[in-house]
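The values are calculated or read from the model by the stated rules, or taken from the named source; none is laboratory data. All values reported here derive from a predicted model rather than from experimental measurement. All Cβ positions, glycine included, derive from the backbone under ideal geometry; neighbour counts span all protein chains shown. The protein model used for the area step is the full one, side chains on, heavy atoms only, and it has no ligands, DNA or RNA in it. Shrake-Rupley method; radii C 1.70, N 1.55, O 1.52, S 1.80 Å.
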Amino acid sequence: MEKLIKYAFLILPSLNRVYYESSKELAIAELKILTRNLSNKVESIELKEIAGLTYVTFQSTEIIECDIKHISNHSTIYALYEIKDDDLFKPIALNRRDIFDDDLISIQKYMGKTNEYFTKFLLNVTISSTEFSSEKQLRILDPMCGRGTTMLQSMMYGYDSSGIELNKNLVSAFEGFIKSYMKSKRLKHKFQSLTKKKQLLLETAVSKEDYKNNNLVKLNITNGDTIDCRKIFPKNNFHCIAVDLPYGVQHGTTVNSSLKRGPLALLKQVVPEWIKILKPGGCIGISWNVNTCPRDIMIQTLEDTGLEVFDTEEYRKFVHRVDQAVLRDVIIAKKGRYFIHPLN
Ligand SMILES: C[S@@+](CC[C@H](N)C(=O)[O-])C[C@H]1O[C@@H](n2cnc3c(N)ncnc32)[C@H](O)[C@@H]1O
């Protein structure tokens with residue numbers, strides 16, 4: 001039998017207090033999902049308090065370079081160690097996917113921003129649940145993107161990122177930010193404004209050489225209603241769709257202009273449209289306030305559209321408190337390889 005080696009990672013200490021407490025259970029679920037396709041099985045994942053700090057510990061046969069690459073992208077990992085003789089911590093260098101400076105994601109602060117660590121978590125668990133998790137180049141959509149936290153995180157990974165946002169002011173704020181960021185970082189880039197489509201396109205690269213060699217990172221944001229996504233993007237286009245739904249009462253589309261308290265009316269309209277632009281084998285990850293819609297109803301609503309909802313133990317451990325009014329949960333659902341719409 002192969003000898004199992006013990007590992008531990010330290011959870012980022014810089015998270016805000018409420019999210020830090022939630023992040024401990026989320027960290028376990030995320031690691032289980034991130035490592036589900038690794039060459040070496042990762043097991044006995046648990047939390048341990050060691051010298052007053054919280055670690056996630058796990059066991060595996062020797063983790064190899066490509067496994068470290070996956071684990072390094074965990075949304076709350078701060079440092080990784082191999083545990084020798086039970087209490088000797090040997091540091092293992094992380095190898096994150098990040099290609100830009102981390103202020104790309106952290107610098108913007110505004111009301112309504114989705115916590116950037118949570119956004120990374122949502123994106124990680126959604127991508128890892130797709131059939132494309134080990135592919136180098138993915139196309140990611142946030143169909144209700146606000147000021148672009150998901151887009152910036154997927155850009156950080158080097159993926160092509162798209163976003164749709166109904167509120168013109170939020171789109172303008174995002175555009176202002178990304179334009180000044182490109183300038184201040186002296187990144188070679190090109191913007192293109194498609195006025196009729198209310199769309200801004202960006203092409204950039206990590207270095208001048210990459211730009212010259214067409215190793216581009218692409219981003220686009222559209223000011224519009226997510227229900228019109230099929231008019232903006234071709235069929236079967238995205239590997240992953242990740243979205244943090246509006247909180248409170250602002251749910252609706254411009255087609256059905258009456259705003260509803262919960263997200264269900266909105267999802268019933270828009271998920272069938274999102275499915276059209278999602279590749280077979282791709283996943284949709286949705287976070288929402290459970291106080292506005294219980295999880296079992298959310299599962300039923302997505303299953304009614306023909307999606308396959310992941311509902312094993314690790315996928316049921318995502319619920320966490322954001323503030324007094326918001327208890328957030330996440331649901332991940334896949335478009336099967338041979339997806340057939342239930343009404344067809
Ligand atoms: C929770 S916020 C997303 C925040 C975003 N993740 C961020 O960090 O900036 C949800 C967003 O959905 C947008 N929204 C609501 N209805 C929409 C629709 N029908 N189409 C597109 N966007 C919509 C809201 O304007 C809001 O910005």
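Specify which of the listed residues (S39, S14, S60) is small (G, A, S) and touching a strand residue (DSSP E or B) at 6+ places or on another chain (Cβ under 7 Å).
Working: S39 fails: touching a strand residue (DSSP E or B) at 6+ places or on another chain (Cβ under 7 Å); S14 fails: touching a strand residue (DSSP E or B) at 6+ places or on another chain (Cβ under 7 Å).
Exactly one residue qualifies, and that residue is S60.
In region 226-255, of all residues being at pLDDT below 95 and more than 9 Å from the ligand (Cβ to nearest atom), the one that is least open to solvent (accessible area, probe 1.4 Å) corresponds to G248. The one condition from (1) assigned to a strand (DSSP E or B); (2) under 22 Å from T114 (Cα atoms) that Q192 does not meet is (2). Contact map, region 265-288: residues that are touching a residue at least 40 places away in the same chain (Cβ under 8 Å) paired with residues that are of a type in the set (D, E), Cβ distance under 6 Å, separation 6+ or inter-chain. Pairs shown: G281/E131; S287/D244.
Selection within region 131-149: residues that are within 30 Å of N169 (Cβ to Cβ) and away from the ligand (no atom under 16 Å from the Cβ). The member of this set that is least open to solvent (accessible area, probe 1.4 Å) is L138. Considered as a group, the residues in region 192-217 that are touching a helix residue (DSSP H, G or I) at 6+ places or on another chain (Cβ under 9 Å) and either charged (D, E, K, R) or not assigned by TED's automatic domain parsing to the domain that holds G146 (or both) include one that is least open to solvent (accessible area, probe 1.4 Å), and that residue is E203. Of all residues in region 94-123 being charged (D, E, K, R) and open to solvent by less than 60 Å² (accessible area, probe 1.4 Å), which is farthest from the ligand (Cβ to nearest atom)? The extreme case among them is D98.
Could you check, for region 299-309, whether at least one of its residues is modelled with pLDDT of 95 or more, away from the ligand (no atom under 13 Å from the Cβ) and in contact with a Gly (Cβ under 6 Å, 6 or more places away or on another chain)? Let's see the steps before the verdict.
Here is the first cut: in region 299-309, the residues modelled with pLDDT of 95 or more are 299-309.
When the remaining residues are screened for being away from the ligand (no atom under 13 Å from the Cβ), the result is 299-309.
So of that shortlist, the ones also in contact with a Gly (Cβ under 6 Å, 6 or more places away or on another chain) come out as 308.
Checked against the condition, which is being modelled with pLDDT of 95 or more, away from the ligand (no atom under 13 Å from the Cβ) and in contact with a Gly (Cβ under 6 Å, 6 or more places away or on another chain), region 299-309 yields at least one hit.
For region 20-55, give me the residue count where each residue is among the hydroxyl-bearing types (S, T, Y), part of a helix (DSSP H, G or I) and buried (at least 18 other Cβ atoms within 10 Å of the Cβ). Talk me through it step by step, then tell me what you get.
Start the filter on region 20-55 by keeping residues that are among the hydroxyl-bearing types (S, T, Y), which leaves 20, 22-23, 35, 39, 44, 54-55.
After this cut, where a residue has to be part of a helix (DSSP H, G or I) as well, the list is 20, 22-23.
So of that shortlist, the ones also buried (at least 18 other Cβ atoms within 10 Å of the Cβ) come out as 22-23.
So the count comes out to 2.
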